[in-house]
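Single-structure report; data block below.
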Amino acid sequence: MKITPQTLYQILNSRFGSLDWWPMDKEYHTKKGSDQRFEVIVGAILTQNTAWSNVEKAIFSLKSQKVLDIDSISKVGIKKLQKLIKSSGFFNQKAERLKNLTLYFKQNYQGDLDHFFEKDINAIRTELLSLNGIGPETADSIILYAGNLPIFVVDAYTKRICERLPMDTKISYEEIQSYFEKELEKSYSKDELVKIYNNLHAMIVILGKNYCKKSPKCKGCPLNKYCNYYKNSNQ
DNA sequence: GTCCAGGGCCGTT
DNA sequence: AACGGCCATGGA
């Protein structure tokens, strides 16, 4: 029996509930739109192939030195920026990526991110992908979690979980993404989709961290009765 | 000490 | 188009 994205959503949702994701502190919610968006964007860059706990330290450092906004990052020295984000790893390239991106927003949108997200999704995505250091997952995370626009984020967890489950998914990023979106659009209205994509990706990350690890911990996984890998491994 | 994490780029086949 | 090496820290 195949598993559809809709079924996957329902199984995970009945276990994990609604997560309304992007891990941030309380103070974050008091910020105005553009600064909130920017904080998510910085997190999306810093978390590339990196544990979130290491990203949190970096964001805290940036915040404590008051360089967590477009203007400050564009002005701060590259060496200081590298030092502040050191804990997030790959700090040389990530510092450069933040500088580039910030400069881009400043030059093209006067630092107004609300304006940046007013275009249609494809235009935003193409623009993000043209920037150095922003690939598909980072672009889509930014669109979904900073832009609050409907796009499904595919990551290493999503690919791994899809491979282990009996699903009709191909291997490439765009194929998995369009399959999930096509299916979920059948079951949910346009207004609901942002929430659904937000929550589904969040739940997939939780599942990937706690159960469907590279070396899997199948005990207690809500997908056990559907999973090829679980059956084959006979745990 | 070894493995791994919410990728992406670049050079080689 | 697909693959491998590389980037780097901190926690398990």
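Values in this text are rule-based calculations from the coordinates and carry no lab data. Everything numeric here is computed off the predicted structure, so don't read it as measured data. No Cβ is skipped: glycine too gets one built from the backbone with ideal geometry, and neighbour counts run over all protein chains shown.
Some points to look at:
- Residue within segment A:152-159 that is of a type in the set (Phe, Trp, Tyr) and outside any helix (DSSP H, G or I) present: yes
- Residue check, A:Phe60 of a type outside the set (Gly, Ala, Ser), under 20 Å from A:His115 (Cα atoms) and over 18 Å from the mean Cα position of the chain (by Cα): no
- Scan of segment A:160-172 for residues that are surrounded by fewer than 17 Cβ atoms within 10 Å (Cβ to Cβ) and within 15 Å of DNA strand C (Cβ to nearest atom), ordered by number: A:Glu163, A:Lys170, A:Ile171, A:Ser172
- Only one of the listed residues (A:Glu181, A:Glu127, A:Glu96, A:Glu175) is loosely packed, with under 15 Cβ neighbours inside 10 Å and either in a loop (DSSP other than H, G, I, E, B) or out of contact with any Asp or Glu (no Cβ under 7 Å at 6 or more places or on another chain) (or both). That residue is A:Glu175.
- For segment A:40-63, a residue qualifies if it is away from DNA strand C (no atom under 15 Å from the Cβ), small (Gly, Ala, Ser) and either more than 14 Å from A:Thr102 (Cβ to Cβ) or free of Cβ contacts under 8 Å to residues at least 40 places away in the same chain (or both), and exactly one does: A:Gly43.
- Filtered by the rule that a residue be closer than 16 Å to A:Ile11 by Cα and within 16 Å of DNA strand B (Cβ to nearest atom), segment A:153-179 gives A:Thr158, A:Ile161, A:Cys162, A:Arg164.
- Of the listed requirements (1) away from DNA strand B (no atom under 13 Å from the Cβ); (2) closer than 21 Å to A:Ser141 by Cα, A:Ser88 misses just one: (1).
- Neighbours by Cβ (under 6 Å, 6+ apart or cross-chain): first from segment A:194-222, in contact (Cβ under 8 Å) with a residue 12 or more places away in the chain and within 11 Å of DNA strand B (Cβ to nearest atom); second polar (S, T, N, Q) and assigned to a helix (DSSP H, G or I): A:Ile204/A:Thr158
- From the list A:Glu192, A:Glu137, A:Glu181, the lone residue that is charged (D, E, K, R), under 20 Å from the mean Cα position of the chain (by Cα) and within 16 Å of DNA strand C (Cβ to nearest atom) is A:Glu137.
- Test result for A:Ser74, away from DNA strand C (no atom under 16 Å from the Cβ), touching a residue at least 60 places away in the same chain (Cβ under 8 Å) and among the polar types (S, T, N, Q): no
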